[in-house]
Amino acid sequence: MDSELTRFDLEHVWHPYTSLTDPLPTYEVVSAHDCTLVLDDGRELTDGMSSWWACIHGYNVKELNEAAKGQLDRVSHVMFGGIRHEGAAMLAKKLVELTPAGLDYVFFADSGSVAVEVSLKMALQYYSDRVKTKTKFLALRKGYHGDTFGAMSVTDPEGSMHSIYRDFLSQNYFIDQPACRFGDPWDPDSADQLYEMLRDHHEEIAAVILEPVVQGAGGMYFYHPEFLRRVRAYCSHFDVLFIADEIATGFGRTGKMFACNWAGVTPDIMAVGKALTGGYMTMSAVLCSKKIMEGICNGSAGVLMHGPTFMANPLAARVACASVDRLLAMNWRETVHHIETVLKDKLLPLARYDSVADVRVLGTIGVVETRNPVDMAVLQKSFVDDGVWIRPFGRLIYVMVPYIISDGEIAKLAAAVEHVLQRNLV
Ligand SMILES: *Cc1c(COP(=O)(O)O)cnc(C)c1O
């Protein structure tokens, strides 16, 4: 865009988590294809972020483009109240088949945060006639569930700066993230806080909400799947619902189709988003069990009190169907496993740098945790100069790569990370 428009963007447009009075630099993307972002000056960057973890197939994907174009020529949007369309029904069927057994009812929403809101509302509404005291949630510290108020109230209190919104935010219960890491032998003490909290407060707690196995935006932390089995068991025992937020982990990201599959558990409610449409457009879905569906529909309200304008948008639904089909057709399990092997090969050696506290890899997620907070602008520039797109935050330099990435492209991402470590930029 011309320099006037660029200036207007800089001065008038909010970009996420940065200031308008002292903005971090932005880079202009004019097109993208495969695993490559093309900048306005012609530079090509290898993408290590999947655009906030959503573009699992990369960019400008033929099948996904065709799905969108085909639907565009018929109807790009129509209300979902009183109307049905093939794309939504087909997608719902695919999701019911793909998710853990027992999640048979699908609510479409328009973003991850809204899916979390709907999940919380389902849990509250389920109990509203039956156990009036159940008005709170139990969540994990360092968790992330979105930026709307309900989602924020179950997101890490420090990370989402609860203090700013304190008087408006619902007060929920938190326990520490499970101490037992993914890959370590299970330590039963890791579920003690969970048990004690549920034992002492189950009369007030409607549901436990968590990100299964991988805590994403709150710290890219991988914990032992046995914790999920404990959540499932204790929730059933204490009559508390289990909400799995699979918005970041769904669709193969961790090496299983859903992270809950690591533990073989079925939550009562599951939220998916991000990669649902292959990152093409915004859409999310909430799946629930028959128990929840019946509890709500046989309750005094009789309906779920939610209905977004763009619910089940036909374009998004068609693209999501195409994305799921492509995932199932591509031997995703082997692909993700291969990427994991290459990421380990390239990233684990970086642990030898003094500035690095930890390196961990799971599925297509690679994390280099530094000892000190990174200077985002400095690192971003170094990465772009090296021809890669990696956006670190806090003490985390991480990649979450598209599944179509080549070994050479992974090597390029890792080399760029090593380059900032070599020059002591962190
Ligand atoms: C990104 C994310 C959300 C929020 O999704 P949005 O589409 O950004 O609203 C919720 N939960 C998890 C685990 C996420 O990673």
* For Ala259, net neighbour charge (Lys/Arg +1, Asp/Glu -1) across residues whose Cβ lies under 12 Å away -> -1
* Structure fact -> Under the helix-only model (-39500 (n - 2.57) for each DSSP H run of 4 or more, divided by the residues of the chain), the mean residue ellipticity at 222 nm, to 500 deg cm²/dmol, is -10500 deg cm²/dmol
* **Separation of the Glu294 and Arg352 label points, Cα + 7 Å toward Cβ, nm** => 6.1 nm
* Structure fact -> For the stretch 222-360 (alpha-carbon point model, no solvent) the Debye-based log₁₀ I(q)/I(0) at q = 0.13 Å⁻¹ works out to -0.77
* Compute the separation of the alpha-carbon centres of the stretch 358-398 and the stretch 39-88 and state it in Å as a whole number. => 27 Å
* To do: At 7 Å along the Cα-to-beta-carbon direction for both Ile164 and Glu44, put a label point, then send me their distance in nm to one decimal.
  => 3.9 nm
* To do: Using only the Cα atoms, work out Rg/Rh for the chain, with Rh taken as the Kirkwood radius, to two decimals.
  => 0.96
* Structure fact -> Sorted largest first, the Cα spans of the stretch 71-115 on the principal axes come out in Å as 35, 23, 20
* Structure fact -> Once the in-chain neighbours fewer than 8 apart are removed, the lysines whose Cα is under 18 Å from Lys290 read Lys93, Lys94, Lys121
* Asked: For Lys344, which lysines qualify as cross-link partners when the Cα separation must be under 20 Å and same-chain residues fewer than eight apart are set aside?
  -> Lys256, Lys412
* To do: Once you've got the Cα coordinates, tell me which of Lys132/Lys291; Lys69/Lys274; Lys134/Lys274 are over 28 Å apart.
  => Lys134/Lys274
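Read-outs throughout are calculated quantities, based only on the coordinates presented, and are distinct from any laboratory measurement. What you are looking at is a predicted structure, and each value in this text was computed from that prediction instead of being measured. Note: ideal-geometry Cβ built from the backbone for every residue, glycine included; neighbour counts use all protein chains shown.
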